[in-house]
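Peer 1: Let me begin by handing over the structure; questions about it come next.
Only the coordinates and a few stated rules stand behind these numbers; no lab work does. The model shown is predicted, which means the values in this text are computed figures rather than measured ones. Note that each Cβ is placed from the backbone with ideal geometry, even for glycine, and that neighbours are counted across all protein chains shown.
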C-alpha cells in the first residue's frame, strides 16, 4: 500500500462562521483556504513542506480553475482530496475535490498547476531528484483514480 493514498485524503476541516459573506454564502476565497491547507498536507509527503523552505526553494501556484458544485454552510465539515495528475521536472498538475464530510456529496473542484522555484534566484528550478521520485510515486499511486469531469474544463459562455 502506498503512503500517498489514492487519492490523498486530508484531515477533516470545518467551514467557519466568519467565512460566510453578506449574501449568506460560504465566500469563494475561503474554499481556496481549505484547498490550500489540504494541499500543504499532501505535498508534505513529497518533501514540499514548511521545512523545505530552509533549503531556499519552494513552489508557487501558476494557475487554478475552480468549479463550485454545491453550496456549503457555516459549521459544515468537509473532506478534501488531492489527486496528482501529471508532473515534469519543474511542475505538478493536480486536482482537489471537496466533499461534505458527513453526507459525502461533492461541493467544489479545484484544478491547479504549480511550479518549483529557487527562492534565492527568484526563478523556476527543477525539483531535486529525491523529490521528483516521490512526486512520481504519488502520481503512480493516483493514476488509477478516475479523473473528475471538471479537469480541463474550458471556461466561457456556451453559445447555441
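Peer 1: At what distance in nm do the modelled label points of residue 30 and residue 123 sit from each other, each positioned 7 Å from its Cα along Cα→Cβ?
Peer 2: About 4.2 nm, to one decimal.
Peer 1: Another one. Report, in degrees rounded to the nearest 10, the 0 to 90 angle that the Cα long axis of helix 129-142 makes with the longest principal axis of the chain.
Peer 2: Rounded to the nearest ten degrees, it is 40.
Peer 1: In a Gaussian network model over the chain where Cα atoms closer than 10 Å are linked, find which of 25, 116, 65 has the largest mean-square fluctuation.
Peer 2: For the chain, modelled as a Gaussian network with Cα springs under 10 Å, the answer is 25.
Peer 1: Moving to a separate point now. Take the alpha-carbon centre of the stretch 20-52, take the same for the stretch 90-158, and report the distance between them in whole Å.
Peer 2: The stretch 20-52 and the stretch 90-158 have Cα centres spaced 13 Å from each other.
Peer 1: Please work out the FRET efficiency for the pair residue 89 and residue 37, using the Cβ-Cβ distance as r and a Förster radius of 35 Å; give the result to the nearest 0.05.
Peer 2: 0.85
Peer 1: Cut-off 10 angstrom, C-alpha nodes, Gaussian network model of the chain. Which of 47, 136, 24 fluctuates the most?
Peer 2: Sorting by GNM fluctuation, first place goes to 24.
Peer 1: For the stretch 1-66, what D do you get in µm² per second when you plug the Kirkwood radius from alpha-carbon pairs into Stokes-Einstein at 20 °C and 1.002 mPa s?
Peer 2: 152
Peer 1: Give the angle, between 0 and 90 degrees and rounded to the nearest 10, that separates the Cα long axis of helix 28-44 from the longest principal axis of the Cα atoms of the chain.
Peer 2: Helix 28-44 and the main axis of the chain meet at about 30 degrees.
Peer 1: Something else: Contact order normalised by length for the chain, with contacts defined as Cα pairs under 8 Å and 6 or more residues apart; what percent is it?
Peer 2: The normalised contact order for the chain reaches 27 percent.
Peer 1: Full extension from residue 11 to residue 67: what is 0.36 nm times the residue separation minus their Cα-Cα distance, to one decimal in nm?
Peer 2: Using 0.36 nm per residue and subtracting the Cα-Cα distance, I get 18.0 nm.
Peer 1: Cα convex hull of the chain: mean projected area in nm², to one decimal?
Peer 2: Result: 11.7 nm².
Peer 1: Within 10 Å, count the other beta carbons around each residue, average over each peptide in 6-15, 151-160, and list them highest first.
Peer 2: Going by the mean number of other Cβ atoms within 10 Å, highest first, we get 6-15, 151-160.
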